[in-house]
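Taking it in order: structure first as structure tokens, then the write-up.
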């Protein structure tokens with residue numbers, strides 16, 4: 001039996017990550033799910049949040065904004081609308097995005113504007129969390 005699995009995170013414009021890992025935890029639409037080596041094949045929709053993976057006893061984080069996870073043949077492929085490794089996140093930019101989203105929430109004129117502001121706030125908070133900032 002394999003002791004690791006291949007993790008690939010891809011966005012429409014780049015390959016974000018390709019590594020052999022011990023475990024992957026991802027934000028599914030119906031809740032977080034985990035994948036270990038030799039996992040049964042499945043496909044899941046992803047929500048906005050933080051994916052994490054374990055390798056050599058260390059945990060690393062990657063912000064993902066929607067997409068899909070495909071698990072098969074000891075490989076998990078994340079096809080994300082957007083993704084950023086924790087070390088690549090511009091924390092100041094995420095803070096400013098959070099402030100803008102909070103301001104938009106406070107003055108949202110209709111349900112659509114409110115929903116969009118909530119999504120923007122969730123993305124900013126998830127980026128900050130992935131980068132280790134609260």
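A short reminder: the numbers here are calculations on the coordinates, not readings from a lab. From a predicted model like this one, the values you see are computed outputs, not experimental measurements. Glycine gets a Cβ as well: all are built from the backbone with ideal geometry, and neighbour counts include every protein chain shown.
A few remarks follow.
- Between residue 107 and residue 56, the modelled label-to-label distance comes to 5.0 nm, taking each label 7 Å out from Cα in the direction of the beta carbon.
- GNM flexibility winner over the chain from 115, 65, 97 (Cα, springs under 10 Å): 115
- When the alpha carbon coordinates of the chain are projected onto the principal axes, the ranges are 56, 27, 25 Å, largest first.
- Considering only the chain, percent of DSSP beta bridges that pair antiparallel, nearest 5: 90 percent
- At R0 = 35 Å, FRET efficiency that the Cβ-Cβ distance of residue 116 and residue 6 yields, to 0.05: 0.50
- In degrees, nearest ten, helix 91-106 long axis to first principal axis of the chain (Cα): 50 degrees
- Gyration tensor verdict on the range 20-90 (Cα atoms; rounded if a/c is under 1.5, prolate if a/b is larger than b/c, oblate otherwise): oblate
- Short-range pairs are left out: with C-alpha atoms under 8 Å and at least six residues apart, the relative contact order of the chain is 22 percent.
- Choice from 119, 91, 35 showing the highest fluctuation, given a GNM over the chain with Cα pairs closer than 10 Å: 119
- When the chain is treated as a Gaussian network with alpha carbon springs shorter than 10 Å, the biggest mean-square fluctuation among 82, 109, 120 belongs to 109.
- The tail of the calculated P(r) for the range 90-130 beyond 12 Å holds 50 percent of all Cα-Cα pairs.
- Computed from Cα positions, the angle between helix 111-130 and the longest principal axis of the chain comes to roughly 50 degrees.
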